[in-house]
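To keep things clear, I will list the structure first and then write my remarks on it.
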Amino acid sequence: MARIAVIAGDGVGPEVIPQGVRALEVLSARRGLGLVLEPWPYGADHFLATGETLPEARFEALLRGEYAAVLLGAVGDPRLPDHRHARDILLGLRTRLDLYVNLRPVRLLDDRLTPLKGKTRREVDLVVFRENTEGLYTGAGGRVRPGTPEEVALEQDVNTARGVTRILRAALDFAHAHGKRRVCMSDKSNAMTHAGALWQRLWRELGEGYPELERRHLYVDALCLELVRAPEQFDVVVTSNLFGDVASDVGAAIAGGMGVAASANLNPESGLGLFEPVHGSAPGLAGKDLANPCATFLTCALLLEHLGHPAEARLLEAAVERAAREGRLTPDCGGALGTRAVADFVVEELARTA
Ligand code: IPM
Ligand code: MN
């Protein structure tokens, strides 16, 4: 049995997550996976009603290993402009569970989905490894003379040898294990010299242990340019938290948009994992049956992979690829179907193939 905590969250989260849950339940029933999906109520409504974001007891249950994974829709709500609950839930899970790998595949479901002229599934196929626990996301810093014309806001970029080593190693190990030849490390060491020197040193030192891999470095601005110009140059990209946030959105754009971008937040040592579509809560789309469920399906495929069910992950991906091939998609991907109709197609396809 594998228990999975499911936080649908805000906005379009409660529209797409139940569809992912349906797919997981079909696969679990047909293939005897023993998945137990447990809904958790957290998000903006819950916070506004109770003042609670993600209770301590829940974090503790996750840290005790009582759940095999967390599936999260999206958090963010216009009624809560300071994003307090979103920070507690999303960034809280990432940091408290020490999920230092944010793995974001950039893959095309169908050639027609990329906005890049002449590129196909062969050319758009890479994985971004984003450091997920430090960098510019720790909240270290502060404001001096806030609210005055002399205000100074400081945001510290935290890069530890331990943190940089483990994300570099995760990317290199992944490339090695999956037969991906080329690994590109990206930083901004021409301008941010302190953090840059650490990343450069560890990249050099660790890289020597992987002579079979082709190692390359690009400044992050050049990386973003090259991702758009010639994505076929990349198999694996590894970078810091903020640069990975930006580069993975560029990746999402070249692979068909936020509606199809999946992610896994992992700690390879503890085995804990948080799985979320890369898109946000998109409050403007909520309640209109317009949200693309594909990102959630592909995220569920990453979750299945994580649970040790690669064959079922492939079945789910194949079902989504078929939907894409046949143009049974939401408007963001050029289709004319709603969230539920796309999901019905994918789930029926699974029921047929699983
Ligand atoms: C993402 C999001 C988050 C991030 C936000 C919501 C804090 O953009 O998962 O990419 O920056 O990590
Ligand atoms: Mn982002």
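The values are calculated or read from the model by the stated rules, or taken from the named source; none is laboratory data. Predicted, not measured: the structure shown is a model, and the values here were computed from it. Because the Cβ atoms are built from the backbone with ideal geometry, glycine has one as well, and the counts that use them run over all protein chains shown. To get the accessible areas, we keep the full protein, side chains included, count just its heavy atoms, and leave off ligands, DNA and RNA. Shrake-Rupley method; radii C 1.70, N 1.55, O 1.52, S 1.80 Å.
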- Its Cα gyration tensor gives the chain an equivalent ellipsoid whose semi-axes in whole Å, largest first, are 30, 26, 21
- Item | Value at 222 nm in deg cm²/dmol, rounded to 500, when DSSP H runs of n ≥ 4 in the chain each add -39,500 (n - 2.57) | -12500 deg cm²/dmol
- Query: Based on Cβ point charges of +1 for Lys and Arg and -1 for Asp and Glu, what charge dipole magnitude is obtained for the chain about its Cα centre, in debye rounded to the nearest 20?
  - Reply: 640
- Query: What is the spin-label model distance, in nm, from T160 to A140 if the labels are put 7 Å beyond Cα along the C-beta direction?
  - Reply: 0.9
- Any chance you could count the Lys pairs in the chain whose alpha carbons are under 30 Å apart, treating pairs 8 or more apart or on different chains as valid? 5
- Query: Over segment 105-172, with a single point scatterer placed on each C-alpha, what log10 of the ratio I(q)/I(0) does the Debye formula yield at q = 0.16, 0.23, 0.29 1/Å?
  - Reply: -0.74, -0.93, -1.16
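Please work out how much length the chain gains when fully extended from A61 to E151, using 0.36 nm per residue of separation minus the C-alpha to C-alpha distance, in nm with one decimal.
Between A61 and E151, full extension yields an extra 28.2 nm.
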- Integer Hz, Karplus 6.51/-1.76/1.60 couplings in order for segment 256-271, x for Gly and Pro: x, x, 5, x, 10, 8, 10, 8, 10, 10, 10, 10, x, 7, 7, x
- Message: Testing the spin-label approximation: label points 7 Å from Cα along Cα→Cβ at A222 and A191. State their distance in nm.
- Response: 1.5
- Note on the structure: Between R182 and residues 5 or more places away or on another chain, the pairs with built amide H atoms under 5 Å apart involve E214, D235, V236
- Between R322 and H83, 0.36 nm times their residue separation minus their Cα-Cα distance comes to what? 82.3 nm
- Message: Per-residue counts of other Cβ atoms within 10 Å, averaged by peptide: what ranking do you get for 269-279, 110-120, highest first?
- Response: 269-279, 110-120
- Message: Explain nothing, just the number: dipole magnitude of segment 218-354 about its Cα centre with +1 on each Lys and Arg Cβ and -1 on each Asp and Glu Cβ, in debye rounded to the nearest 20.
- Response: 360
- Amide H to amide H under 5 Å from V158: which residues, 5+ apart in sequence or cross-chain, H placed 1.01 Å off N in plane? G135, L136, Y137, T138
- Which whole-number percent gives the relative contact order of the chain, counting Cα pairs below 8 Å spaced six or more residues apart? 22
- Item | Computed log₁₀ I(q)/I(0) - Debye formula, equal Cα scatterers, no solvent, segment 170-250, q 0.27 Å⁻¹ | -1.42
- Full-stretch length increase - M1, A177 - with 0.36 nm per residue and alpha-carbon distance subtracted: 60.7 nm
- Grab the beta carbon distance between E269 and E38, set R0 = 22 Å, and tell me the FRET efficiency rounded to 0.05. 0.35
- Over the chain, average the accessible area per residue using a 1.4 Å probe and give it in Å², no decimals. 43
- Note on the structure: Placing +1 on each Lys and Arg Cβ and -1 on each Asp and Glu Cβ in the chain, then taking the dipole about the Cα centre, the residue among V228, P268, L304 whose Cα reaches farthest towards the positive end is V228
- Note on the structure: segment 225-354, Kirkwood Rh and Cα Rg, ratio Rg/Rh at 0.97
- Item | Exposure of T148 as accessible area (Å², to 10), given a probe of 1.4 Å and all protein chains | 50
